[in-house]
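In what follows, a single structure is set out as structure tokens and then discussed.
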2 protein chains.
Amino acid sequence: MSVNINVKSDIEIAQDATIKPIIEVAEKIGLTNDDLELYGKYKAKLSSETLKKLETEKSGKVILVTAINPTPAGEGKSTVTVGLGDALHQLGKKVMIAMREPSLGPTMGIKGGATGGGYAQVLPMEDINLHFTGDLHAITTANNALAALIDNHLQQGNELNIDQRRIVWKRAVDLNDRALRKVIIGLGGPIQGVPREDGFDITVASEIMAVLCLANDLKDLKLRLSRMVVAYNFKKEPVTVGDLGVEGALALLLKDAVKPNLVQTIEHTPALIHGGPFANIAHGCNSVIATKTASKLADYVITEAGFGADLGAEKFLHIKGRSAGIKPEAVVIVATIRALKMHGGVPKTELGQENSNALTAGFTNLKKHVETIKSFGLPLIVAINKFVADTDLEVETLLSLCEKEEIPVALTEVWEKGGKGGLALAEKVLNEIENNQMDFNPLYDLSDSIENKIRTVVQNVYGGKDVEFSSKAQKQLKDFESFGWGSLPVCMAKTQYSLSDDPSKLGRPTDFVVHVRELKPSIGAGFIVALTGDVMTMPGLPKSPAALKMDVDEEGNAIGLF
Amino acid sequence: MSVNINVKSDIEIAQDATIKPIIEVAEKIGLTNDDLELYGKYKAKLSSETLKKLETEKSGKVILVTAINPTPAGEGKSTVTVGLGDALHQLGKKVMIAMREPSLGPTMGIKGGATGGGYAQVLPMEDINLHFTGDLHAITTANNALAALIDNHLQQGNELNIDQRRIVWKRAVDLNDRALRKVIIGLGGPIQGVPREDGFDITVASEIMAVLCLANDLKDLKLRLSRMVVAYNFKKEPVTVGDLGVEGALALLLKDAVKPNLVQTIEHTPALIHGGPFANIAHGCNSVIATKTASKLADYVITEAGFGADLGAEKFLHIKGRSAGIKPEAVVIVATIRALKMHGGVPKTELGQENSNALTAGFTNLKKHVETIKSFGLPLIVAINKFVADTDLEVETLLSLCEKEEIPVALTEVWEKGGKGGLALAEKVLNEIENNQMDFNPLYDLSDSIENKIRTVVQNVYGGKDVEFSSKAQKQLKDFESFGWGSLPVCMAKTQYSLSDDPSKLGRPTDFVVHVRELKPSIGAGFIVALTGDVMTMPGLPKSPAALKMDVDEEGNAIGLF
């Protein structure tokens, strides 16, 4: 049964919405025309002078939005992020939203935007979902310029004695392109370069994306770029961007990309959308600059971290928050009844049928994430993102499951009603912030060994039994400690679909072992990536890519974009 | 001897120049804020409504700027284009400049901008030379999205029976990256795609760049995209973008890139900078939309075509002009004394020494281009782009060589003096337009065979004896005629350094044979590319790339960018 027959699509709602000139939105948060670098009438970057000026302002409160493990049924984390911002806006609070910018990979591949949905969207959604202000293109270009400079260094005499079998810097495209995962380059004879194995990642997994998202400013960005390890020499010592002497050129390519982008929601709540690492193969949070700037301009900042709390939120708290000194005052965990039913064993085709038993079974997934956030010492609120097909019995079941566990919970209907549908959630959030004493503590110390940091995340965040390292990873553990990288946090690359590293294990799996097949140094970003299971840093396109339905009319209006 | 010790660099001059808000520049040509989509304060795209509105206006006169074959000594074609525009502006004419946008490949590789030089530059030069308004990134993305969709088609069952050995669509990066010329992709087993040979072109050589530059509007763009041939099936029939059904998605990715970009010169003359195919490996002209739009907004449009008249101008006249119905009223051929001396046999290190004998010997190169433009029936003026080190004797020698041949000639000093240094040239150009009856005729008919069209260009434009086709190219000649592509114009891919296909043959070589090694169908662009000699569609980086000297300060100011 579908009750959505006459419901407008996200793009139709977005195209019908009234959008204000961004300068008007900026004025409400105390910015003037001089603070903005306009990209059309509805998008702007904040100028470097403005960013500098704001640094000394006092900071507002940060609210982190996370979710249960995603399923094909949809959770709507971005939608709730936007809706909660709009709700606080309606309550008269000075509020800003800080979100990630979308990658064209999923946009061209699978239907599903990163700009919220229904009446809780950021605008202009077509632009944001396409090229936006070019940040991802600048990152792709810097990533690939570095790759070209490395291969040119090999070709022109290889002064740094780079071992071409040990180049770890990969090329990137902001697309889903599985055929580029493993390639051989430099073929065709001596004037075509040095043949070697290589591979492409999707841009969101590039270390440059992480560096841009974790940098405090352009100066810090350049420093971090110079520290990035690109290869090892024949003595097996790391070779960095600084050794190549090209951090200046890379920073130059990123000088505009490092500035956050101001847009608005359908209800004209200001939003900074900046940086877009995925949470399964990268650290999954919008830029530090966006979150901090938003906190200088508003009393409340709603920010999201990617996928479930096992990925985005864990990394927000252990990586982004720790490095930037940002502590959320409250965490919102988004769940849907449909998704919990899938975690409870219902196949996607049967989600239309009432099934409170499956809901109860799937609740264990939500419960694990609640426990995790509690273990960080943070106040939390569960947001039930209500779908029209949810039955009263199911809603009652989920509410009482939460109440039994004394979990603060609110129903939200922001997709259908915009900010109004998020007022209950907003009030609970304000209440939690006011009444709870925050006692934030990370789950591991930076001084722990890399191995133990990974183990802590596996056991305490995923609920696994242990972690197993491949022989390659075991060797890397030793090498990395010897290079002095032992005190960096870890960035887990893991499937988003399960708490384990096996995407088929839904709900709350137990007794599982997580397999680390390889480690990757991200010394510029400041973390060690641990690749688990079969997770891939370059997605593929599905049988019928979303691109097949896309079009543009003669006036330049997008068609079929969500 | 160098007399340039205290001369400011191009970027210093650009950074010291006073730039006006682009809206003020737009107002002078009758545009308002509503016609513009701002990209910061100093760049704007013209809206689709404005482009549509202008279509019915009457057209101004187009002046084409071309040059002798380039040498490492420099010619300054872009500089003269800008300076001539500024000079006409000073003379009170309603004038616009239409130019190509730079590629990051040469920017990161070799010192030398595409935004003019000295006091004849377009601003903001840093932005234009870096990401500008993102057009090239949009083209790269569309190019690579198509590639990913082709490989995904193979992977998902290959309904169109594409022969993976006969995929002609290559991937692209807007960088010089020789290691990507020949690659093998799809390695790693069945879930990583279908292994096959592939290669990357620089973005400016992508057919999508040509399509964007030759399209009349967004509708025409989509039609052209759908006609692009990407592969052949197992029956050796062409497979197009239309067969894949993705022209809508590609057009969507290009919906903003198709709009021309408005900027200004140092003297605030309005300029449209749009599209950037190289003239050696592509058709070498800015977009039809930019040239036509400029001609609707101004009485005089100064536009350039890449490299020497054997490449850019020939393609302007046979491809762009013919397809769009644009005929230049006059052609300016830029030459420098230094470059002619190199054509006369002087090595670069000895260019500082007076040598009017070498100048006289090298004059043959200029003379050939003059003859070519005359053979098209067009009025022409030689512009001697004066360098401070040119001696009086050398200047006198060149002037009298031109006068003896009855070639209209003017000295220009636009690098040093801006528009004022181009007044003499501007007056000669106006005079030629007024007094000469234009009798434009292309050198070949579209109904000629592909083979004969190529032969005509080789004999009549290059001055060669004949053309030789590889066995592959011979087979392609037959196939292409059988596919019905015989009536398309040809786009020669040839070294820019020589009239022949051998870059070492300077001056005016004779009795040479041009070797066509391969043909490439560009059915969306509407031409057949003939690859001659060793010309490559992906450049390499030099021993010491320009990137090594680039930097950015904490305020975001570019350093070392020319």
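Structural remarks
- Which listed residue is in a loop (DSSP other than H, G, I, E, B), within 13 Å of chain B (Cβ to nearest Cβ) and either in contact (Cβ under 8 Å) with a residue 12 or more places away in the chain or on the phi > 0 side of the Ramachandran plot (or both), from A:T141, A:T133, A:T107: A:T133
- Taking the criterion of being open to solvent by 10 Å² or more (accessible area, probe 1.4 Å) and not in a loop (DSSP other than H, G, I, E, B), the residues of the stretch A:474-513 that qualify are A:Q474, A:K475, A:Q476, A:L477, A:K478, A:D479, A:E481, A:S482, A:V513.
For (1) within 21 Å of B:G186 (Cα to Cα); (2) touching a residue at least 40 places away in the same chain (Cβ under 8 Å), each residue gets a yes or a no:
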position	(1), (2)
A:V516	no, yes
A:F527	no, yes
A:D534	yes, no
A:T537	yes, yes
A:G556	no, no
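- Among the residues here, A:D16 does not qualify as within 14 Å of another protein chain (Cβ to nearest Cβ), more than 28 Å from A:P277 (Cβ to Cβ), open to solvent by 10 Å² or more (accessible area, probe 1.4 Å) and of a type outside the set (S, T, N, Q).
- Pairs with Cβ under 7 Å, 6+ apart, first in the stretch A:475-489 and free of Cβ contacts under 8 Å to residues at least 40 places away in the same chain, second of a type outside the set (D, E, K, R) and open to solvent by less than 30 Å² (accessible area, probe 1.4 Å): A:E481/A:I450; A:G486/A:I450; A:G486/A:F480
- When residues of the stretch B:212-242 are limited to those that are at the interface with another protein chain (Cβ under 8 Å from one of its Cβ atoms) and under 21 Å from A:L561 (Cα atoms), the one least open to solvent (accessible area, probe 1.4 Å): B:L218
- Helices (runs of 4 or more DSSP H) enclosed by the stretch A:267-347 - at least 2 residues per element that are in contact with a strand residue (DSSP E or B) (Cβ under 7 Å, 6 or more places away or on another chain): A:288-297
- Filtering the stretch A:456-473 to residues that are more than 25 Å from A:A210 (Cβ to Cβ), open to solvent by less than 60 Å² (accessible area, probe 1.4 Å) and part of a loop (DSSP other than H, G, I, E, B) leaves only A:G463.
- Within the stretch A:243-266, being over 16 Å from A:M209 (Cα atoms), more than 7 Å from chain B (Cβ to nearest Cβ), in a helix (DSSP H, G or I) and open to solvent by less than 10 Å² (accessible area, probe 1.4 Å) holds for no residue.
- Counted residues, the stretch B:152-173 - those being open to solvent by less than 10 Å² (accessible area, probe 1.4 Å) and among the charged types (D, E, K, R): 2
- Note on the stretch A:176-187: residues that are open to solvent by less than 20 Å² (accessible area, probe 1.4 Å), closer than 12 Å to B:G186 by Cα and either in a loop (DSSP other than H, G, I, E, B) or more than 7 Å from every other protein chain (Cβ to nearest Cβ) (or both) amount to 1.
- Residue match in the stretch A:315-336 (condition: farther than 30 Å from A:A525 by Cα, touching a Ser or Thr at 6+ places or on another chain (Cβ under 9 Å), touching a residue at least 12 places away in the same chain (Cβ under 8 Å) and open to solvent by 10 Å² or more (accessible area, probe 1.4 Å)): no
- The residues of the stretch B:433-451 that are open to solvent by 70 Å² or more (accessible area, probe 1.4 Å) and not charged (D, E, K, R), listed by number, are B:N435, B:Q437, B:S447.
- Among the criteria (1) surrounded by 21 or more Cβ atoms within 10 Å (Cβ to Cβ); (2) away from every other protein chain (no Cβ under 14 Å); (3) closer than 28 Å to A:F132 by Cα, the one B:E24 does not fulfil is (1).
- Among the candidates B:A67, B:A73, B:A114, residue that is touching a residue at least 40 places away in the same chain (Cβ under 8 Å), buried (at least 24 other Cβ atoms within 10 Å of the Cβ) and more than 10 Å from every other protein chain (Cβ to nearest Cβ): B:A67
- Number of the exception - A:P190 against (1) surrounded by fewer than 23 Cβ atoms within 10 Å (Cβ to Cβ); (2) within 29 Å of the chain's Cα centre (by Cα): (2)
- Of all residue pairs spaced 6 or more apart or on separate chains, those with beta-carbon atoms under 8 Å, a first member in the stretch A:191-213 that is modelled with pLDDT of 95 or more and a second member that is among the aromatic types (F, W, Y) are A:I202/A:F278; A:V204/A:F278; A:A205/A:F278; A:A210/A:F527.
- A:L154 vs. criteria modelled with pLDDT of 95 or more and within 11 Å of another protein chain (Cβ to nearest Cβ): yes
- Residue that is crowded, with 22+ Cβ neighbours inside 10 Å and of a type in the set (A, V, I, L, M, F, W, C), where the choices are B:L46, B:L31: B:L46
- Only residues that are assigned to a loop (DSSP other than H, G, I, E, B), touching a helix residue (DSSP H, G or I) at 6+ places or on another chain (Cβ under 9 Å) and at the interface with chain A (Cβ under 9 Å from one of its Cβ atoms) were counted across the stretch B:539-562, and they come to 13.
- When we screen A:S500, A:S471 for residues that are within 24 Å of A:F316 (Cα to Cα) and of a type in the set (G, A, S), the only hit is A:S500.
The values are calculated or read from the model by the stated rules, or taken from the named source; none is laboratory data. Keep in mind the model is a prediction, meaning the values are calculated, not measured. Neighbour counts run over all protein chains shown; Cβ positions are idealised from the backbone, glycine included. Surface accessibility is based on the protein's heavy atoms, side chains included, excluding ligands, DNA and RNA. Shrake-Rupley method; radii C 1.70, N 1.55, O 1.52, S 1.80 Å.
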